[in-house]
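Student: My questions will all concern the structure given below.
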Amino acid sequence: MAIPSRVVERLAAGLKRFQPILTSAKSRDVNESDTSLIVTDMLAEIFGYDKYSEVTRELCIRGTYCDLATRIDGKFQMIIEVKAIGLELKEAHVKQAVDYAANQGIEWVALTNGHVWRVFRVIFAKPIDAELVVEIDLLQLVPKNSADLESLYLLTRESMLKSGLYAFHDHRQATNKFYLAAVLLSDPVIDTIRRELRRLSDAKLEPEELREALLQEVLKREVLEGEKADAARKKVVKAANKMLRIRKEREEQEPAAAEVTSPGPGSEIPLKTAE
């Protein structure tokens with residue numbers, strides 16, 4: 001991941017400045033309001049937001065104000081639910097923020113106690129859900145470690161402008177075990193495996209015979225059952241259907257193009273005469 005040098009410098013400097021502040025606040029067990037003040041300063045000094053115009057407590061949803069929200073060019077990017085620094089973060093803490101975000105069409109929600117940040121992507125389904133995309137503990141990061149800075153970069157203003165969180169989420173989805181299992185069992189991959197097995201051993205397996213062998217002998221049950229496995233299969237099928245539709249449309253357009261460019265019946269074709 002290419003991070004601008006000026007951003008790298010800001011992230012490293014921000015970590016060095018705020019790690020002692022967070023450690024001190026945690027030892028004193030400061031309350032939620034004081035933690036929120038620290039988080040606001042971090043949004044500016046580490047993550048690059050203008051805290052006067054791009055960080056707000058004024059986002060009112062259903063008569064209630066959220067803890068914090070970020071916005072760029074007037075568009076809200078993320079709702080941030082802040083808890084006291086000494087509080088252990090739990091799934092229940094993020095539910096209200098997810099409901100707020102879904103109500104406003106905001107795709108990202110962060111839950112933080114100052115040093116631990118959990119970022120969720122809102123899933124606009126019925127019921128509304130959220131998927132954990134990244135979790136960072138700022139007290140465990142090393143300012144000179146490039147991998148740590150890359151993780152921190154995901155939450156920055158610059159990353160939001162370049163859809164960095166979206167790209168990271170897509171990469172995680174493409175490499176998770178449920179998605180890989182669904183892809184492995186898809187028709188195009190089954191056909192490819194059949195051809196390779198035939199090339200190596202002259203084995204002639206039927207598609208369903210090969211799929212059953214993968215199900216029973218290769219893949220673990222945990223990647224085949226449950227909501228996440230079902231969601232992965234649906235995504236693979238949806239992508240495959242989309243590609244088939246595009247291919248069909250292209251094939252239908254090609255004959256039409258050929259009819260336009262080829263001479264029709266009775267058309268005269270100029271002959272090349274000898275000079």
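The values are calculated or read from the model by the stated rules, or taken from the named source; none is laboratory data. Quick caveat: nothing in here was measured; it's all calculated off a predicted structure. With ideal geometry, Cβ positions are generated from the backbone for all residues, glycine too; neighbour counts draw on all protein chains shown. Quick note on the areas: whole protein, heavy atoms, side chains included, nothing else; ligands and nucleic acids left out. Shrake-Rupley method; radii C 1.70, N 1.55, O 1.52, S 1.80 Å.
Student: Could you list, in sequence order, the residues of region 84-120 that are more than 23 Å from residue 167 (Cα to Cα) and buried (at least 21 other Cβ atoms within 10 Å of the Cβ)?
Tutor: 85, 100, 113, 114, 115, listed by residue number.
Student: If you don't mind, another one. Could you tell me which of the residues 28, 17 is closer than 19 Å to residue 112 by Cα, without any contact (Cβ under 8 Å) to a residue 24 or more places away in the chain and surrounded by fewer than 16 Cβ atoms within 10 Å (Cβ to Cβ)?
Tutor: Unique residue meeting the criteria: 28.
Student: Go through the residues of region 203-213 one by one and say whether even a single one is farther than 30 Å from residue 170 by Cα, at pLDDT 75 or above, of a type in the set (A, V, I, L, M) and not in a helix (DSSP H, G or I).
Tutor: yes
Student: Return the pairs, sorted by first residue and then second, in which the second residue is open to solvent by 40 Å² or more (accessible area, probe 1.4 Å) and assigned to a helix (DSSP H, G or I), the first residue lies in region 181-207 and is more than 24 Å from residue 221 (Cβ to Cβ) and of a type in the set (A, V, I, L, M, F, W, C), the beta carbons are less than 9 Å apart, and the residues are 6+ apart or on different chains.
Tutor: Cβ pairs passing all conditions: 203/194; 203/197.
Student: Could you pull out the residue among 46, 79 that is open to solvent by less than 10 Å² (accessible area, probe 1.4 Å), within 27 Å of the chain's Cα centre (by Cα) and touching a residue at least 60 places away in the same chain (Cβ under 8 Å)?
Tutor: None of the others qualify; the one that does is 46.
Student: Would you confirm whether or not region 42-49 contains a residue that is part of a loop (DSSP other than H, G, I, E, B) and hydroxyl-bearing (Ser, Thr, Tyr)?
Tutor: yes
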